[in-house]
Amino acid sequence: MNPALANLKVVLVGTRYGGNVGSVCRAMANCGLSELRLAAPSPDITWEFAERMAVHATGILAARKTFPTLAEAVADCAAVVGTSRRGGLYRQHSTDARAAVPDLLAAAAKAPVALVFGREDKGLLNEELLLCTHVVRLPASPDYPSYNLAQSVVLLCHEFYRASLGPAALASPEEEVSPPASSKMRQTMLGKWRDMLLATGFTDEERATHMMEGFGRIFARGAKTEADMRILMGLARQAGWAAGGREPRP
């Protein structure tokens with residue numbers, strides 16, 4: 001786990017619903033974040049519902065920190081990232097979240113960084129955005145651009161988690177255990193399939209060559225390794241034996 005994730009502080013401003021708080025805790029746990037801060041939360045939050053929605057992230061909920069104002073909640077943070085979907089004077093220089101995350105993650109490796117989310121009904125106020133060093137937006141359909149609070153948190157936190165994996169982890173598939181199959185092995189496998197197709201009556205000698213051209217294209221798109229070839233050869237051998245062909249059981 002990238003240690004910078006521990007320096008990301010999720011800050012909810014004026015939150016009203018316990019279900020959202022609990023869902024935020026679960027999203028944080030999914031993405032490796034652990035510190036939740038509440039700035040001026042509603043006194044009517046139903047904490048029992050928050051616990052139910054947090055599922056296995058109740059530890060984050062129990063360790064939450066509460067502050068009377070946003071300014072106090074972010075006082076120790078070197079960068080304060082506000083989220084907003086609206087335009088306007090204080091929002092016109094907002095950045096796409098994915099583009100902003102690499103630099104912010106680098107900053108979090110050195111000092112606390114706050115990820116600030118506004119109220120369920122009206123987001124962050126302009127005076128609260130003045131406390132932010134960055135403003136980011138999460139792309140959405142123009143027909144319905146407003147995300148639920150918990151959805152916004154999981155989307156932004158996931159961008160940080162994704163970036164924390166590094167480019168190699170994101171771009172490279174898992175290394176294949178079995179080595180690539182040789183041309184000779186591939187031809188052996190195709191020969192066994194030809195024998196099996198004849199033994200089972202799927203095709204006849206007249207059409208077998210044309211049929212195998214098609215199977216060759218199919219296998220070239222998917223079967224690449226020695227392990228792949230052994231599976232396909234085993235299937236052909238057993239099917240040929242079951243159909244009364246000359247191939248013995250393995």
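The values are calculated or read from the model by the stated rules, or taken from the named source; none is laboratory data. Only a predicted model underlies this, so the values are computations on that prediction, with no experimental measurement involved. Virtual Cβ from ideal backbone geometry, glycine too; neighbours counted across all protein chains shown.
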Of 24, 116, 81, the only residue that is within 20 Å of the chain's Cα centre (by Cα) and under 17 Å from residue 152 (Cα atoms) is 24
Q: Kindly indicate whether any position in the range 162-170 is on the phi > 0 side of the Ramachandran plot, surrounded by fewer than 13 Cβ atoms within 10 Å (Cβ to Cβ) and in the same structural domain as residue 13 (by TED's automatic domain parsing).
A: yes
Selection from the range 8-24 of residues touching a strand residue (DSSP E or B) at 6+ places or on another chain (Cβ under 6 Å) and either free of Cβ contacts under 8 Å to residues at least 40 places away in the same chain or among the hydrophobic types (A, V, I, L, M, F, W, C) (or both) yields 8, 10, 11, 12, 13
Scanning the range 42-60 for residues that are within 20 Å of residue 116 (Cβ to Cβ) and surrounded by fewer than 21 Cβ atoms within 10 Å (Cβ to Cβ) gives 42, 45
Taking the range 101-149 and keeping residues crowded, with 21+ Cβ neighbours inside 10 Å, small (Gly, Ala, Ser) and out of contact with any Gly (no Cβ under 8 Å at 6 or more places or on another chain) leaves 108, 114, 123
Note on the range 101-156: residues in a helix (DSSP H, G or I), under 19 Å from residue 33 (Cβ atoms) and among the aliphatic types (A, V, I, L, M) are 101, 104, 105, 106, 107, 108, 149, 150, 153, 154, 155, 156
| message | Could you go through the range 20-29 and let me know if any residue there is assigned to a helix (DSSP H, G or I) and of a type in the set (S, T, N, Q). | response | yes
